[in-house]
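In what follows, a structure is listed as structure tokens, so that the remarks can point back to it.
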Amino acid sequence: GGNPTLSIFDRYNDSYLRRIGTTVLAYVNMVCSSLRNSIPKSIVYCQVREAKRSLLDHFFTELGKKETKQLGSLLDEDPAIMERRTALAKRLELYRGAQAEIDAVAWAK
């Protein structure tokens, strides 16, 4: 313990308090420097992310407007494979419909 009548500033000498002040100032300057570097990067990242999202939305909208034949020509896919995929998609829908009916009957009992 020290003398209780002395203030906290009287207990430490001036050079110690200056060293603390210098350390705190260095830390604040480091944080400010870090923010100066990271904030512009964050802004650009947000702009790029939004532009990407916007471009993808536009791309998918335009792609959705195209007909199956146009999409097939863009993909340069074998027409037989495209027909088989269409037939399999129809068959899958039939199976799903049948499964839904079976489930409805099974739950009704």
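The values are calculated or read from the model by the stated rules, or taken from the named source; none is laboratory data. Being a predicted model, the structure only gives us computed values, none of them experimental. All Cβ positions, glycine included, derive from the backbone under ideal geometry; neighbour counts span all protein chains shown.
General remarks:
- Condition met for ALA51 (of a type in the set (Gly, Ala, Ser) and surrounded by 10 or more Cβ atoms within 10 Å (Cβ to Cβ)): yes
- Taking the range 76-91 as the range and being surrounded by 11 or more Cβ atoms within 10 Å (Cβ to Cβ) and touching a Gly at 6+ places or on another chain (Cβ under 8 Å) as the test, only MET82 passes.
- In a residue-by-residue description of the range 63-75, the property of being exposed (fewer than 10 other Cβ atoms within 10 Å of the Cβ) and not in a helix (DSSP H, G or I) applies to at least one position.
- Selection count, the range 13-70, where residues are within 30 Å of MET82 (Cα to Cα) and polar (S, T, N, Q): 4
- Scanning the range 35-78 for residues that are on the phi > 0 side of the Ramachandran plot and outside the structural domain of ALA89 (by TED's automatic domain parsing) yields no hits at all.
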